[in-house]
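Here's the structure we're looking at; comments come further down.
Any read-out appearing in this document is the output of simple, stated calculations on the displayed coordinates, not a laboratory observation. As the structure is a prediction and not an experimental result, all values here were calculated from the model. Positions of Cβ are backbone-derived with ideal geometry, glycine not excepted, and every protein chain shown enters the neighbour counts.
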Amino acid sequence: MLNSMYSGVSGMRGFQTKLDVIGNNIANVNTVGYQKSRVLFEDMLSQSVAGNSVNSMQVGLGSSVSAINMVDSPGSPMTTGVQTDLSIQGDGYFRVKAGADGQEFLARSGSFQLNAAGELVTTQGYNVLDEDDQPITGIGQINSIDRDGNITFTDVDGTPQAPIKLGIGTVTNPAGLNKVGNSLFLVTDKSGELDTEPGLPEGSRVVAGQLEMSNVDLTEEFTEMIVAQRGFQANSRVITTSDEILQEIVNLKR
């Protein structure tokens, strides 16, 4: 079979994956804390052609997806005026935990609220952690949240308590985090170990009454979608042309 047919098939598969990623990005354009993804391609093996040319004579065998990377860039801020809506300007992730013995996740989405038990939780009910890896509990009313993540509050009896500091974590390679849904991320070997040193990374600050929206740029996504669509069509045409050539070869025997 013609190598061009294999190349066309691999190209269609790659552009289909790219369209899948673009579609997901567009679907999450209004998702709080969503980090967009991008697809990278690489060429496949090349076949050497016999000859005495000065330069290498090789024919490529198509392309494949080399990586689908998460783009770690800040999304646009949206002011809500809700005191428990938080955003991080700069590096860092909020740390949340699914129950007392549950798994720990990271989040750029700071859409938090107080439940009936006085716990600061996510919209899924996961506990928000403080800098000592403990769930933030015992809150009756929040008075203020400063730029360093210090929560000033009173307990359920109205008694002022010592401030609690939000737990903020960082990783060496944010693109290596695994998306697990609900705008949450899971630390992996590729992301590096979670750094939970007290305080925020240099140059970062917490903003109350504000949420970080998706970092998806619709103009960019639509442009990439057109490129992917044309690439898919072009590779489809390569397969059609290769099929016509094979048909001509078969007809030569008749």
Here segment 105-118 yields Karplus 3J(HN,Hα) values (6.51, -1.76, 1.60; θ = phi - 60°; whole Hz; Gly and Pro given as x) of 10, 10, 8, 8, 6, x, 7, 10, 7, 9, 8, 5, 8, x
Summing -39500 (n - 2.57) over every DSSP H run of at least 4 residues in the chain and dividing by its residue count gives a helix-only mean residue ellipticity at 222 nm, to the nearest 500 deg cm²/dmol, of -8500 deg cm²/dmol
Charge dipole of segment 77-212 built from unit charges on the beta carbon (Lys, Arg +1; Asp, Glu -1), centred at mean Cα; most positive-end Cα among ALA162, VAL207, SER183 is SER183
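Once you have the Cα-Cα distance between ASP155 and GLU248, take 0.36 nm times their residue separation minus that, and quote the gain in nm to one decimal.
Between ASP155 and GLU248, full extension yields an extra 25.2 nm.
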Quick note, segment 69-140: a/c under 1.5 would make it rounded; otherwise a/b > b/c is prolate and the rest oblate (a ≥ b ≥ c, C-alpha gyration tensor); here it is oblate
Excluding residues fewer than 8 positions from LYS190 in its own chain, the aspartates and glutamates with Cα under 13 Å of it are none
The size of the Cβ-based charge dipole (Lys, Arg +1; Asp, Glu -1) of the chain about the Cα centre, to the nearest 20 debye, is 1320 debye
With the dipole of the chain defined by +1 on each Lys or Arg Cβ and -1 on each Asp or Glu Cβ, the option from GLY118, ASN55, THR79 whose Cα lies farthest towards the positive pole is ASN55
Scaled by the rule-of-thumb 2.2 N^0.38 Å, the alpha carbon Rg for the chain gives a ratio of 1.42
Distance in nm between THR223 and VAL29 label points, each 7 Å along Cα→Cβ, equals 1.5 nm
Computed on Cα atoms, the radius of gyration and Dmax of segment 77-212 in angstrom are 14.1, 46
If every Lys and Arg gets +1 and every Asp and Glu gets -1 at its Cβ, then about the Cα centre segment 77-212 yields a dipole, in debye to the nearest 20, of 480 debye
Once normalised by the length of segment 77-212, the mean sequence separation of its alpha carbon contacts under 8 Å that are 6 or more apart gives a contact order in percent of 33 percent
